[in-house]
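Asks: Here it is: the structure, laid out below.
Values in this text are rule-based calculations from the coordinates and carry no lab data. Every value quoted in this text rests on a predicted model; they were computed, and no experiment measured them. No Cβ is skipped: glycine too gets one built from the backbone with ideal geometry, and neighbour counts run over all protein chains shown.
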Amino acid sequence: MIQALVDYKKRFLDLEIGWPGSVNDTRLFRLSSLSRTYEAALEPLRTTPLNTGDDVVEQVPAFILGDSAYQNVRHFVTTYINEECNYDPSIRHLNQRLSGARYIVENAFALLRARFQLFEKPLRCAAEDMRYTVHLIASIFVLHNFLIEVHDQQEGMLGDAIERQLELARNEEELECRYSQNGRNAQDHGGDDENEGINNNGAQVLGEDTRNILLRHMRWLDVNN
């Protein structure tokens, strides 16, 4: 399993490498070093205030954007699951914006896979070689960032390969989101919260508040446009 934080230039800013595939996304995030540092890093940042009503302006906390396989906290906002989009046009419009912003993450991974075909198949290695394999994978991400920084032109020549990787990524994400939603339903019926979620219920309410600010802004836009 690989967890990565990607910026708007398709650079990888944080990596978590070497976890077994049996670890789901939310548990991997909770166990990662990023989960222990990102809130303190984002809390002081100030974003552009948004109109959420006539003569009403609200400040949106800086946040990481993730897919619906995760759960919301104050500084980690996720896309909605498909079922939520069916009941409210404003939720659907907001989800389109959030999903569009996340497209750059899919594109970054697609570019990485197209450039370095090492990721075309699962990597197999002996247990004693795991540390070497982790370093090898990390070095590929570093090289990817370097090529971004020097404005490498290879991306334009990899169009078809990138599109194939994007299609694969979308299929994988759909399966992961279904699995995650099933896990959440199990948690709602008494599952172990050590295996699901990023934080406790109080933190999740804060996450909903952050996304609800965006939703109020979207509803204001829908009414005034």
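Asks: Along the range 25-39, what does the Karplus equation 6.51 cos²θ - 1.76 cosθ + 1.60 (θ = phi - 60°) give for ³J(HN,Hα), rounded to whole Hz, x for Gly and Pro?
Replies: Values per residue, Gly and Pro as x: 4, 5, 5, 4, 4, 4, 8, 7, 5, 4, 5, 8, 10, 5, 5 Hz.
Asks: I'd like the Karplus ³J(HN,Hα) series for the range 210-221: coefficients 6.51, -1.76, 1.60, θ = phi - 60°, whole numbers in Hz, and an x wherever there's a Gly or Pro.
Replies: 4, 5, 5, 4, 4, 5, 4, 5, 5, 5, 5, 5
Asks: Could I ask something else about it? Under a 5 Å amide H to amide H cut-off, with H placed in plane at 1.01 Å, what residues pair with F76 once short-range neighbours are removed?
Replies: When sequence neighbours closer than 5 places are left aside, the close amide H contacts are I64.
Asks: Treat each spin label as a single point 7 Å out from the Cα along the C-beta direction, and report the A40 to E120 distance in nm.
Replies: 4.4 nm
Asks: I want to check the label-to-label distance for S139 and D7. Put each point 7 Å from Cα in the C-beta direction and report it in nm to one decimal.
Replies: In this crude spin-label approximation the distance works out to 2.4 nm.
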